[in-house]
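To keep things clear, I will list the structure first and then write my remarks on it.
The values are calculated or read from the model by the stated rules, or taken from the named source; none is laboratory data. Just so it is clear, the model here is predicted, and its values are computed rather than measured. Because the Cβ atoms are built from the backbone with ideal geometry, glycine has one as well, and the counts that use them run over all protein chains shown. These area figures cover heavy atoms from the full protein model, side chains too; ligands, DNA and RNA do not enter into them. Shrake-Rupley method; radii C 1.70, N 1.55, O 1.52, S 1.80 Å.
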Amino acid sequence: MASRTLSERIFEYILVNYRWVFVCIFLLPISVVYDVFFYCRNYLIFKFNSAPKQHDKKVKNVQKQVRQWVDDGCPNQMCTARPGWMTVSFRVGKYKKHMRNIEVNLIDILNVDAERQVVKVEPLATMGQITATLNPLGWTLPVLPELDDLTVGGLIMGVGIETSSHKYGLFQHCCVSYELVMADGSVVTCSKDENPDLFYAVPWSYGTLGFLVSAEIKIIPAKRFVKVEYKPAYSLEDAVSLFTSETAKNENNDFVEGLMFSENNAVIMTANMVDTAEVNKINPIGEYSKPWFFKHVERFLKAGPSVEYIPLRHYYHRHTRSIFWELQDIIPFGNNPIFRHLCGWMVPPKISLLKLTQGETVKRMYEENQMIQDMLVPMNELASALKCFHQEVELYPLWLCPFTLPANPGMVHPKGDQPELYVDIGAYGTVPKKKNYNAVETTRRIEKFVRDVNGFQMLYADSYMTREEFRQMFDHSLYDKQRENLNAKKAFPDIYDKVSRAARD
């Protein structure tokens, strides 16, 4: 790579050290307006029950566009028209520029069926929208992934996980049925009993089998608070042992989570939903003046074991305000008490707006200096995986989230025919300069480790695997069969062509 000129280095320094000025002055206020508008809009839509009445009309519009594509002779492949910058992933796909864009404006909650214990939602409904609707009614999702702006469609077609996944599996394993518009414009519903092959092939398919237009998801009774127990560990062995043993207490822990703050320091959290709380131990951690959650957790390394009660919705979105810990790279003083009290009510900026305004220089800097990855490995490989991450990037905190992986057909399943415990290791942030981080070479070494232990890579971020390596990691047998049977090859790209680094800006 050619050396940069002095002016380029100065410009880069300004972008790195003073981007917070633009974020604080412009993006935070815009994000607040955006959130208020959509909160009011979604509340009124659900309150007056207009979403179900409009759903069929919106689905027919998707069908009309697909049938027009067929009538035009299927000139190129299709994808949704949703701009890449609107997704929660920090990466932007470039494939949308040369494909037929199909408008899929499906953003509502359609029905809460207490008798069947399911909620029916459209694919662009968000986790924040769902908790705001379900929790006051006394319900919640078994698996409700962290960030407010994560969408149902993204969590089904990609992957979704939460600290309850050791009990319920991934987000896809809580889904009862899917409704899709297929390559010929027809509408198909699939479930375990109806079109089961399609049902199991949809998760992780990234919109390459059809357009998801609704999903039914299980709901379970919600309680007012989450009782959280913080348990520090001061060696890698103790952290792995504590995390593994608490995960194994399936019925006694509703939620299990770990934060590795260094190679040998971690806080393992176990939690359970409860209806009553000790008043002096209630911590509404989601309030804007409160410390960022990961900073709050770090205190227990010195303070020792502790217990507190967090309101349910605050618990679900505990990492939202700081985007886990990514926001500290964007607003370095964001956790300062003065900033939190004066401006914390505007945090976080919308990830979509950060992407829209980041420009080529910032994109390049992210790629050269930051890792944003989730690797899913068998629980019995957790210690070796943590050592691998330490050797390659030495990036902390690391997020640990356990999950049960059922032996179902599809892209992702254990090697055997029995369910197996896995753990998600989430690495987000700027890699220390001493590691001489190279995005391609470093990520490929980690990807190889994950393949070798029968693990999986979340595909919202960059994958540097070859097509052959990708097919080695993910079981394509059912997927390939469905692509052939549904005539989807002409209509949609292969998964690899949507998620590999070559497919992204």
message: Every residue in the range 66-86 that is open to solvent by less than 40 Å² (accessible area, probe 1.4 Å) and either closer than 16 Å to Phe492 by Cβ or of a type in the set (A, V, I, L, M) (or both), please.
response: Val66, Trp69, Cys74, Met78, Cys79, Ala81
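Which of the following residues is in a strand (DSSP E or B) and among the small types (Gly, Ala, Ser): Gly416, Gly426, Gly410?
From the options Gly416, Gly426, Gly410, the qualifying one is Gly426.
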- prompt: Looking at Asp148, is it in contact with a His (Cβ under 9 Å, 6 or more places away or on another chain), farther than 24 Å from Lys60 by Cα, touching a residue at least 24 places away in the same chain (Cβ under 8 Å) and not hydrophobic (A, V, I, L, M, F, W, C)?
  reply: yes
field: the range 421-430, residues that are open to solvent by less than 10 Å² (accessible area, probe 1.4 Å) and of a type in the set (A, V, I, L, M)
entry: Val423, Ile425, Ala427
message: Cβ-Cβ distance below 6 Å, separation of 6 or more or different chains: which pairs start in the range 97-111 with a residue that is farther than 22 Å from Val66 by Cα and among the hydrophobic types (A, V, I, L, M, F, W, C) and end on one that is part of a strand (DSSP E or B) and open to solvent by 30 Å² or more (accessible area, probe 1.4 Å)?
response: Leu110/Lys120
task: Tell me, please, whether a residue that is among the hydroxyl-bearing types (Ser, Thr, Tyr) and buried (at least 19 other Cβ atoms within 10 Å of the Cβ) can be found in the range 403-420.
output: yes
field: Conditions (1) without any contact (Cβ under 8 Å) to a residue 60 or more places away in the chain; (2) touching a Lys or Arg at 6+ places or on another chain (Cβ under 8 Å); (3) closer than 28 Å to Val181 by Cα; number of the one not met by Glu484
entry: (2)
- prompt: Do you know which of the residues in the range 265-319 that are more than 19 Å from Leu400 (Cβ to Cβ) and of a type in the set (Phe, Trp, Tyr) is surrounded by the most Cβ atoms within 10 Å (Cβ to Cβ)?
  reply: Tyr309
Selection from the range 361-394 of residues that are open to solvent by 20 Å² or more (accessible area, probe 1.4 Å) and at pLDDT below 95: Thr361, Lys363, Arg364, Tyr366, Glu367, Glu368, Asn369
Answer residue from the range 185-209, given it is assigned to a loop (DSSP other than H, G, I, E, B) and of a type in the set (S, T, N, Q) and is nearest to Arg318 (Cα to Cα) among those: Ser205
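To keep it simple, each residue is scored yes or no on (1) at pLDDT below 95; (2) surrounded by fewer than 19 Cβ atoms within 10 Å (Cβ to Cβ).
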| position | (1), (2) |
| --- | --- |
| Thr140 | no, no |
| Leu147 | yes, yes |
| Val159 | yes, no |
| Cys174 | no, no |
| Ser177 | no, yes |
| Val181 | no, no |
| Ser191 | no, yes |
| Leu198 | no, no |
message: Return the residues of the range 325-335 that are open to solvent by 20 Å² or more (accessible area, probe 1.4 Å) and over 12 Å from Trp20 (Cβ atoms); say none if nothing qualifies.
response: Asn335
- prompt: Name the pairs whose Cβ atoms lie under 9 Å apart, with the first residue in the range 294-321 and farther than 28 Å from Leu28 by Cβ and assigned to a strand (DSSP E or B), the second at pLDDT below 95 and open to solvent by less than 40 Å² (accessible area, probe 1.4 Å), and 6 or more positions between them or separate chains?
  reply: none
query: Out of curiosity, is Glu257 part of a loop (DSSP other than H, G, I, E, B) and of a type in the set (Asp, Glu)?
result: no
query: Out of (1) farther than 28 Å from Met365 by Cβ; (2) open to solvent by less than 10 Å² (accessible area, probe 1.4 Å), the odd one out for Ser463 is which?
result: (1)
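Are there any strands (runs of 3 or more DSSP E) wholly within the range 84-184 with 2 or more residues that are within 30 Å of Glu251 (Cα to Cα), and if so which? Don't jump to the end; show me each part of the working.
Values: elements: 100-102, 109-113, 118-121, 175-181.
Here the list reads 109-113, 118-121, 175-181.
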query: How many of the residues making up the range 222-274 are in contact with a Phe, Trp or Tyr (Cβ under 9 Å, 6 or more places away or on another chain) and small (Gly, Ala, Ser)?
result: 6
statement: Residue count, the range 112-145, condition of a type outside the set (A, V, I, L, M), touching a residue at least 12 places away in the same chain (Cβ under 8 Å) and closer than 19 Å to Gly286 by Cα, comes to 8
